[in-house]
Amino acid sequence: MVQSRSLINESGKRSDGRIIDELREVRIKVGIIRNADGSALIEFGKNKIIAAVYGPREVHPKHMAQSDRCVIRCRYHMSPFSTDTRKSPAPSRRETEISKVIREALEPALILEDYPRAAIDVFIEVLQADGGSRCAGITAASVALADAGINMRDMVSACAAGKVDDKIVIDINDTEDKEGKADMPVAYMPNLKKITLLQLDGELSPTEFNTCLDEAIRGCLKVYEIQRSSLMEKYFGNEKGLKE
Amino acid sequence: MQEVKRKYVIPGDVVAEGNFKPLVNVFKNGNSIVATRIGITESNKDGTKVIPLSGIYFPRTNDIVIGKILDHSSLSWSVDINSCFSAHLPAQDVFGRDFSPAHDDMGRQLASGDVIVARIAMFDRTRDPILTIQDKDLGKIPTGELLKISATRVPRLIGKRGSMIQTIEQATATRITIGQNGIIVVSGRDKEGINLAINAIHIVEIEAHTSNLTQRIKQLLNVPESDIENDDTQINHENNETVMHDDKVISNDNGKDTEMMNSNGTK
Amino acid sequence: MSLSKKSTIIVENLRKKQMRESISAGKRLDERSLDETRSLEIELDVIKKANGSAWVKLGNTEVVAGVKVETGEPFEGLENSGALIITAEVLPIASPHIEPGPPDEETIELARVVDRGVRESEMLDLSKLVLIPGKIVYTIFVDCSVLNVDGNLLDATSYAVVSALASCKLPVFEIKDDKVIDTGKTQEPPITTIPVSVTTVKIGDNLLLDPNAEEEACMDARLTITTNSKGSIVAMQKGLKGYFTLDEVKGTADKARIKGEEIRLKLREWIGTGK
């Protein structure tokens, strides 16, 4: 990527006023879809995304079922009004690829052997898109999976880091994604310390790559704290600890 | 062995460090016991587990469930048991051994939409659950108010040796049939009593993780103080017993089946 | 998204019996009277990237509608009108009975019936949305995403479309040297009336307004009637294999008019204009 204008000003502020290691505002609301087994609405900057989980449930068609484990299916979809120019409702190649990488980012956290012959469906609907919608989608989906009570080894938290004006910054926004030099979305299991999604658009030197990865993981850990408090809020409300 | 503090956890949280035996909804990662579900940790001499607060019902052999007849083939009914698999009720279970698809009209016995209380006779990883209605108090439920709660709250609704559900039944003059799958039928003569019971059940569902719940339910239902016995247990009765209406307790040996359906560290 | 065959919700027979008994006594299982609609809540401008949007909750049925305004060629035969396109999708997040895939006949009917009410009422004066007659006109998309299904998608989706359209801000486009320029300014949409869709279903011999999912699973027939601000009927759709008698249809039309006006007042409150 070639960057044509500076996106970080002299006082270190980015195009949306953040400093380099600052996340956009993130809010997660658990249990937003009544019919779903688990769900979450995430607002990540201007992203507004709903993730809903159904399952484990019967597989249709039956021949898709696997005898020793659960099948996980994932659909990432953008509503027609979610983008600056209207998007056709039919799934695009981009959405198909993102659905695949999101499924593969979530799968390592799920204990699928516990539900042989069943299926788990993860549906991610982007109502409003901003930069980083796949990371926000993974983050919301992980909360929805926990809300659905599916056995998980860990949560999955996602955040991108990238290169803007020769600086490594976390949580790339739309402008930085389009005009910056590199964008690297990462999904991470925060307790097991394992990376489950890694993509990169753009050029990074070996040193920059290492910093970028470290910064992305720092971002993931910040995201994890928000996931955690949203689940605690839903399940335990104001009761912060247990009475002995 | 050191004490493990009860705490609220989400998947990935370390429940305990050290030499603990992982039971259900936890796994062993190095020296740590890690939670796989949202819930409350519990440890005793048998090991460490998480009592989950969300999740669908996963069938276990000998569980009593309340199901809905979907349709039937020539040999069995297919039954929705609010789970990841639909169950099968063999025609022979209802008609006996000389069942003949040519002569016996299955639709007359049980039709689509009928509600039954049944026991899971057989279930394992390789096939769908098989039901039976051939025990006492099993079979079609003709009337009653149907409600659905999270299956994870059923043990709390039953309470220690059935204490919670008996409290509700006695105070509201109702009969409450509970399926381990979270489906409940409340019946009684008096509409007011039924509504009171439904209300109490919903409160138990929402506040299952809190302490002194039985006492609060008793206050809600105006049960005299003298009747309040000390019962501040949390939802910790999993795998203990399955209670049907009134005092009929159907004992349940599902301990041996739990291993296959919960993540239990052995993997 | 399609509502697949396996989707047919089977209501438990004991519930069905209770429902029938309760309805013949004039009360529904959710405590409503037969003519009572569920609570309606509308949040406007939920999608900042859209020119107008509304998140509608009708009981537990939830729908988001978003308006996107572009320019394009007019439809054939309608050279002097702006183009209005209304779509609907029942998202797979919305119910356990929906499989991802192309829209099935029910979803297509949903979009078309909602479209018919808005189009035939001439809610938007499309003649005011022409830039170069016969060549370039405003193209207005109203896309609907159903988020949670609990019956009466027709009315909920219609309310979402109407609220999103009535509250939208149209960009002001100008033509300079045969090219469309977005001036960056906005204008009020040319709204002439507020169409309101009211759906009645028949269960046995009883007529109920605004059915929830369980009632829909027991209904024999459905009639959706859209009225405009003057109280005239502008669109209708009868659905399902049951029937209505002549008297039932006339009674339903009267009720749709009265209930329609009540809901119109509510919609106006939410939209916040006297349009």
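If we scan the range A:81-97, do we find a residue that is of a type outside the set (A, V, I, L, M), surrounded by fewer than 21 Cβ atoms within 10 Å (Cβ to Cβ) and touching a His at 6+ places or on another chain (Cβ under 8 Å)?
There is at least one residue in the range A:81-97 that is of a type outside the set (A, V, I, L, M), surrounded by fewer than 21 Cβ atoms within 10 Å (Cβ to Cβ) and touching a His at 6+ places or on another chain (Cβ under 8 Å).
From the list B:Gly18, B:Gly12, pick out the single residue that is free of Cβ contacts under 8 Å to residues at least 40 places away in the same chain and within 24 Å of A:Val71 (Cα to Cα).
B:Gly12
Looking at A:Leu197 and the list (1) among the hydrophobic types (A, V, I, L, M, F, W, C); (2) part of a helix (DSSP H, G or I); (3) surrounded by fewer than 24 Cβ atoms within 10 Å (Cβ to Cβ), which single condition is not satisfied?
All conditions pass for A:Leu197, except number (2).
For the range C:69-85, indicate whether the set of residues that are touching a residue at least 40 places away in the same chain (Cβ under 8 Å), touching a strand residue (DSSP E or B) at 6+ places or on another chain (Cβ under 7 Å) and within 30 Å of C:Leu208 (Cα to Cα) is non-empty.
No: the range C:69-85 contains no residue that is touching a residue at least 40 places away in the same chain (Cβ under 8 Å), touching a strand residue (DSSP E or B) at 6+ places or on another chain (Cβ under 7 Å) and within 30 Å of C:Leu208 (Cα to Cα).
Could you run through the range B:61-88 and say how many residues are surrounded by 24 or more Cβ atoms within 10 Å (Cβ to Cβ) and either of a type outside the set (A, V, I, L, M, F, W, C) or assigned to a strand (DSSP E or B) (or both)?
Within the range B:61-88, residues that are surrounded by 24 or more Cβ atoms within 10 Å (Cβ to Cβ) and either of a type outside the set (A, V, I, L, M, F, W, C) or assigned to a strand (DSSP E or B) (or both) number 9.
Residue-by-condition table, conditions (1) polar (S, T, N, Q); (2) more than 14 Å from chain A (Cβ to nearest Cβ); (3) over 19 Å from the mean Cα position of the chain (by Cα):
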{"site": "B:Ser187", "(1), (2), (3)": "yes, yes, no"}
{"site": "B:Ala197", "(1), (2), (3)": "no, yes, no"}
{"site": "B:Ile201", "(1), (2), (3)": "no, yes, no"}
{"site": "B:Ile206", "(1), (2), (3)": "no, no, no"}
{"site": "B:Ser211", "(1), (2), (3)": "yes, no, yes"}
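Would you pick out the residues in the range B:116-131 that are part of a strand (DSSP E or B), within 27 Å of A:Cys70 (Cβ to Cβ) and not aromatic (Phe, Trp, Tyr)?
Selection gives B:Ala118, B:Arg119, B:Ile120, B:Ala121, B:Met122, B:Asp124, B:Arg127, B:Asp128, B:Pro129, B:Ile130, B:Leu131.
Taking the range A:205-237, which residues are in contact with a Cys (Cβ under 7 Å, 6 or more places away or on another chain), hydrophobic (A, V, I, L, M, F, W, C) and more than 14 Å from chain B (Cβ to nearest Cβ)?
Result: A:Ala216, single match.
Tally up the residues in the range A:40-59 that are within 29 Å of A:Val223 (Cβ to Cβ) and more than 10 Å from chain C (Cβ to nearest Cβ), please.
8
Here are B:Ile56, B:Ile33: which of them is aliphatic (A, V, I, L, M) and facing chain A (nearest Cβ under 9 Å)?
Going through B:Ile56, B:Ile33 in turn, the sole match is B:Ile56.
Restricting attention to the range A:2-39, report how many residues are within 14 Å of another protein chain (Cβ to nearest Cβ) and of a type in the set (Gly, Ala, Ser).
Number satisfying all stated conditions: 4.
Would a scan of the range C:122-138 turn up a residue that is crowded, with 23+ Cβ neighbours inside 10 Å and either without any contact (Cβ under 8 Å) to a residue 12 or more places away in the chain or within 30 Å of A:Gly55 (Cα to Cα) (or both)?
The answer is no; no qualifying residue exists.
Hey, any hits in the range C:149-158 for a residue that's under 23 Å from C:Glu43 (Cβ atoms), buried (at least 21 other Cβ atoms within 10 Å of the Cβ) and either over 16 Å from the mean Cα position of the chain (by Cα) or of a type in the set (Lys, Arg) (or both)?
No, because not a single residue in the range C:149-158 is under 23 Å from C:Glu43 (Cβ atoms), buried (at least 21 other Cβ atoms within 10 Å of the Cβ) and either over 16 Å from the mean Cα position of the chain (by Cα) or of a type in the set (Lys, Arg) (or both).
Wholly within the range C:10-84, which strands (runs of 3 or more DSSP E) include no fewer than the required count, namely at least 3 residues that are within 10 Å of chain A (Cβ to nearest Cβ), farther than 18 Å from C:Asn212 by Cα and under 21 Å from the mean Cα position of the chain (by Cα)?
Once the strands (runs of 3 or more DSSP E) in the range C:10-84 are filtered for at least 3 residues that are within 10 Å of chain A (Cβ to nearest Cβ), farther than 18 Å from C:Asn212 by Cα and under 21 Å from the mean Cα position of the chain (by Cα), what remains is C:52-58, C:61-72.
Output the number of residues of the range B:133-162 satisfying the condition of being of a type in the set (Ser, Thr, Tyr), buried (at least 16 other Cβ atoms within 10 Å of the Cβ) and in contact with a helix residue (DSSP H, G or I) (Cβ under 8 Å, 6 or more places away or on another chain).
Number of matching residues: 1.
So, in the range B:132-164, of the ones that are charged (D, E, K, R) and assigned to a helix (DSSP H, G or I), which residue ends up farthest from the other protein chains (Cβ to nearest Cβ)?
B:Arg161
Step by step: first the residues of the range A:75-87, then only those that are touching a helix residue (DSSP H, G or I) at 6+ places or on another chain (Cβ under 7 Å) and assigned to a loop (DSSP other than H, G, I, E, B), then the one that is farthest from B:Asp124 (Cα to Cα). Which residue is that?
Once the filter is applied, the top-ranked residue is A:Arg86.
Would you be able to say whether some residue in the range A:81-93 is in contact with an Asp or Glu (Cβ under 8 Å, 6 or more places away or on another chain), on the phi < 0 side of the Ramachandran plot and small (Gly, Ala, Ser)?
no
Taking the residues in the range A:28-44 that are surrounded by fewer than 20 Cβ atoms within 10 Å (Cβ to Cβ) and touching a residue at least 40 places away in the same chain (Cβ under 8 Å) as candidates, determine which candidate is nearest to A:Ser230 (Cα to Cα).
Of everything passing the filter in the range A:28-44, A:Lys29 is nearest to A:Ser230 (Cα to Cα).
Can you tell me which residue among B:Phe85, B:Phe99, B:Phe95 is among the aromatic types (Phe, Trp, Tyr) and under 25 Å from A:Cys70 (Cβ atoms)?
B:Phe85
Filter the helices (runs of 4 or more DSSP H) completely within the range A:90-186 down to those with at least 1 residues that are within 14 Å of chain B (Cβ to nearest Cβ) and β-branched (Val, Ile, Thr).
A:133-147
For the range A:200-214, how many residues meet the condition of being farther than 19 Å from A:Arg103 by Cα, hydrophobic (A, V, I, L, M, F, W, C) and not in a helix (DSSP H, G or I)?
1
Determine if the range C:185-203 includes at least one residue that is out of contact with any helix residue (DSSP H, G or I) (no Cβ under 6 Å at 6 or more places or on another chain), closer than 23 Å to C:Gly59 by Cβ, surrounded by 16 or more Cβ atoms within 10 Å (Cβ to Cβ) and in contact (Cβ under 8 Å) with a residue 40 or more places away in the chain.
Yes, the range C:185-203 has at least one match.
Filter the range A:60-74 for residues that are surrounded by fewer than 21 Cβ atoms within 10 Å (Cβ to Cβ) and either within 9 Å of chain C (Cβ to nearest Cβ) or in a loop (DSSP other than H, G, I, E, B) (or both) and give the result.
A:His60, A:Pro61, A:Ala65, A:Gln66, A:Ser67, A:Asp68, A:Arg69, A:Arg73
Within the range B:36-53, track down each residue that is among the acidic types (Asp, Glu) and within 13 Å of chain A (Cβ to nearest Cβ).
Within the range B:36-53, just B:Glu42 meets the criteria.
Every number here is computed from the coordinates shown, using simple stated rules; none is lab data. Predicted, not measured: the structure shown is a model, and the values here were computed from it. Using ideal geometry, Cβ is built from the backbone for each residue, glycine included, and neighbour counts are taken over all protein chains shown.
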